[in-house]
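Throughout, read-outs are computed from the coordinates displayed, never taken from laboratory work. Computed from a predicted structure; not experimentally measured. Heads up, the Cβs are rebuilt from the backbone with ideal geometry, glycines too, and the neighbour counts pull from every protein chain shown.
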Amino acid sequence: MSGNIQNIRTWNNAYKEREDLAQFGSAGLALFAMALKFGYDDLVTIGADAVVDGPDDKGCDAVYVDFDLRIAIIAQSYYAERLNAQARDGKAATLRQAASWLLEVEIGQVPDRLKASAELLRSAVQDGSIDRVYVWFVHNCPSSINVSREMKAIQQTVNAILSSQYKEKSISVIGEEISTDNLEKLYTDTSTPILVTDNIIFNSVPGLFFEEEDWKYLVIPISVKKLRDLYKKYNTNLFSANVRDFLGVKAGDSNINYQMQKTLEESPNNFFIYNNGLTILTHKIEQIREGDGKTKVIVSGISIVNGAQTTGTIGTSDNEPSDDSYVLARFISTNNEDLISDVVRYNNSQNAVTASDFRSTDPIQRRLVGEMKAIPDAEYDGGRRGGISAAIKRRPKLLPSYSVGQALASLHGAPTIAYNEKSAIWSRDVLYSRFFNDQLTAKHIVFAYALLRCVENEKNDLRTKEESGGELTRAEKEKLVFYRKRGSVFLLVAAVGECLETIIDKPIPNKFLLRFGERISPEQAVQLWKPTVEALSGLHIHLDKALTDGLKNQERISDNLKAFSQLVATLKGPYASFFESIKDNIKIN
């Protein structure tokens with residue numbers, strides 16, 4: 001069996017195990033690549049929002065804006081059934097068209113399927129909410145020189161569009177071919193965080209050394225020259241355990257890497273005190289004192305988990321660093337896999353990626369984890385995210401932490417927070433205590449989460465029906481147009497939440513008391529919600545005002561939700577049959 005085929009099977013088996021991605025067609029491959037690269041474990045919720053593929057998608061399968069990481073991803077994906085087939089550069093070239101429609105074509109001319117994505121992306125760029133745009137051609141074929149060349153050209157095109165349309169913004173563009181080779185590397189990196197395994201020697205001064213049962217820790221200054229040599233030799237393999245690679249140097253006051261490079265050239269002696277330093281993961285640390293205040297430090301394996309921008313900036317500089325330039329480095333060695341995962345997460349500068357992790361030891365989360373064990377076919381990690389490795393291993397019973405937070409926020413009348421501030425739900429005390437409090441139970445989480453999943457399912461079912469050539473009724477077509485508007489899923493969840501008293505025909509003193517029966521699993525709860533969701537989503541036209549400028553204006557949204565609730569109350573008689581299946585299953589206690 002050839003090496004290429006073996007590689008395809010390695011990552012491909014993991015991809016095929018993600019049966020939940022099948023509903024997204026070939027775009028599911030782009031979502032899988034996002035999980036490998038950024039550790040997302042709520043791919044169904046992300047996919048319901050991001051996937052835009054279809055006959056008039058203008059060469060774009062997915063558009064996702066992550067306000068926490070401050071990135072946008074524009075992806076085209078292709079899955080070949082025949083092993084070792086070649087990906088066509090013409091397929092990649094359609095991304096040039098996609099970028100134009102998303103970023104520069106007059107918005108009134110953009111197809112409905114792509115309009116919401118274009119509005120979101122343009123708004124994020126204009127507001128300064130993103131720093132990087134990834135343009136991806138994701139496929140399961142071997143890498144191609146032609147495709148690689150095309151992606152470089154596309155990167156230049158997107159750079160030119162941004163420079164022309166948004167002159168005041170400084171945004172890095174990364175055009176990448178994510179081939180089977182790249183997917184294999186990303187997949188391997190999830191289980192092997194330290195790719196550089198050589199023994200490496202640093203000449204320094206005696207450092208601060210700490211040792212516990214599971215780890216060792218050493219802090220020393222290291223030569224900038226040594227760091228440059230390491231980058232020249234190993235390139236981005238140095239960052240195998242990092243959330244992001246080196247992003248490049250772009251002239252401008254707002255580009256930190258450019259300013260760092262200027263410091264190296266103009267004030268090399270001060271670089272040590274200006275820079276935050278590096279965090280380096282290694283298998284083994286050995287410190288040998290040599291006299292005269294000198295120390296030789298030998299590390300076995302190296303991965304820079306915090307400091308990729310510093311290292312890349314030093315490594316790509318045209319000028320030889322000064323002998324007097326140093327940077328602080330702290331080395332951590334451990335063989336405990338869970339601890340390695342924690343080191344990677346907590347030492348990464350993107351706090352938003354792991355905002356929920358900081359709540360995982362909260363008494364409320366510990367209680368909810370315990371309560372969830374009593375619910376059939378349900379798992380909950382209490383805010384703890386497993387990192388990239390866990391993101392690609394499908395756990396069909398898992399209720400992902402971020403999706404849970406978004407479901408709770410939406411059901412409790414805050415869809416703007418659910419859509420625009422999903423990380424802030426976990427990181428900001430005022431929001432966290434609003435949705436995760438002593439009144440919250442695991443049964444209520446299932447209640448809210450199942451509603452969100454039911455709405456997502458309806459959207460994906462309609463999109464899949466259209467994609468497969470099925471005939472949509474006029475009502476279904478109009479409903480799908482509504483669902484393509486960014487934030488519509490969370491808005492509909494909020495709308496259903498606003499109508500709950502009408503649905504169950506009882507006053508609700510506190511929504512946190514709502515739940516299903518003792519032994520209702522999340523999947524059973526989704527089915528209970530289905531008739532109600534199908535009925536109320538048919539009234540979507542009465543929610544359009546809330547989406548006029550995206551899901552942003554909370555006052556307008558609140559007014560719209562109240563009006564929607566009043567409308568449903570007037571239709572209580574005709575809609576009673578839709579509510580029957582869920583009415584008797586909702587408990588208030």
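Here are the numbers for the structure shown:
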item	result
Restraint check, LYS479/LYS552; LYS459/LYS506; LYS225/LYS284; LYS443/LYS530; LYS459/LYS562; LYS397/LYS477, Cα-Cα greater than 27 Å	LYS459/LYS506; LYS397/LYS477
Packing-based exposure ordering (other Cβ within 10 Å, fewest first) of SER325, SER117	SER325, SER117
Estimated 222 nm signal from helices in the chain, with DSSP H stretches of n ≥ 4 weighted -39500 (n - 2.57), rounded to 500	-14500 deg cm²/dmol
Shape of segment 3-189, Cα gyration tensor, a/c cut at 1.5	prolate
Percent antiparallel among DSSP beta bridges (both partners in the chain, rounded to 5)	65 percent
Under 15 Å from LYS545, Cα to Cα: aspartates and glutamates that are on another chain or at least 8 residues apart	GLU555, ASP559
Relative packing of peptides 548-554, 220-226 - highest average C-beta neighbours within 10 Å first	220-226, 548-554
Residues in segment 522-550 that a label on LYS477 would reach, taking backbone N under 11 Å of a point 7 Å out along Cα→Cβ	none
For a label point 7 Å along the Cα-to-beta-carbon line of ILE201, residues of segment 288-303 with backbone N under 13 Å	288-290, 295-299
Angstrom value of the Kirkwood radius, inverse mean 1/r, which spans all Cα pairs in the chain	25.7 Å
Check: segment 3-189 dipole with +1 on Lys, Arg Cβ and -1 on Asp, Glu Cβ, in debye	580 debye
Pairwise FRET efficiency - THR188 versus GLU290, Cβ, R0 = 35 Å, nearest 0.05	0.40
Sites TYR274 and GLU81 - FRET efficiency at Förster radius 60 Å, r taken between beta-carbons, to 0.05	0.65
Nitroxide proxy distance, nm - points 7 Å out along Cα→Cβ at SER123 and ASP584	4.3 nm
When segment 351-588 is reduced to its Cα atoms, the Kirkwood hydrodynamic radius in Å	18.3 Å
About the Cα centre, charge dipole magnitude for the chain (Lys/Arg +1, Asp/Glu -1 at Cβ), debye	420 debye
The chain: angle of helix 363-372 to the longest principal axis, Cα-based, in degrees nearest 10	60 degrees
Anchor LYS185: aspartates and glutamates whose Cα lies under 18 Å away (excluding residues fewer than 8 positions away in-chain)	GLU176, GLU177, ASP245
Cα-based helix-to-principal-axis angle, 224-234 vs the chain, degrees rounded to 10	70 degrees
FRET efficiency, LEU339 to LYS562 (Cβ-Cβ, R0 56 Å, nearest 0.05)	0.65
Computed label-point distance, nm, for sites ASP56 and ARG70 using a 7 Å Cα→Cβ extension	3.6 nm
Angle in degrees between helix 3-17 and the longest Cα principal axis of the chain, rounded to the nearest 10	40 degrees
10 Å Cβ shell holding at most 11 others, DSSP loop, GluC sites (Glu not before Pro): longest site-free stretch of the chain	214-470
Gain upon complete extension [ASP112, ASN553; 0.36 nm per residue less C-alpha separation]	156.6 nm
Added length on full extension, which subtracts the Cα-Cα distance from 0.36 nm per residue, HIS542 to ILE508	9.9 nm
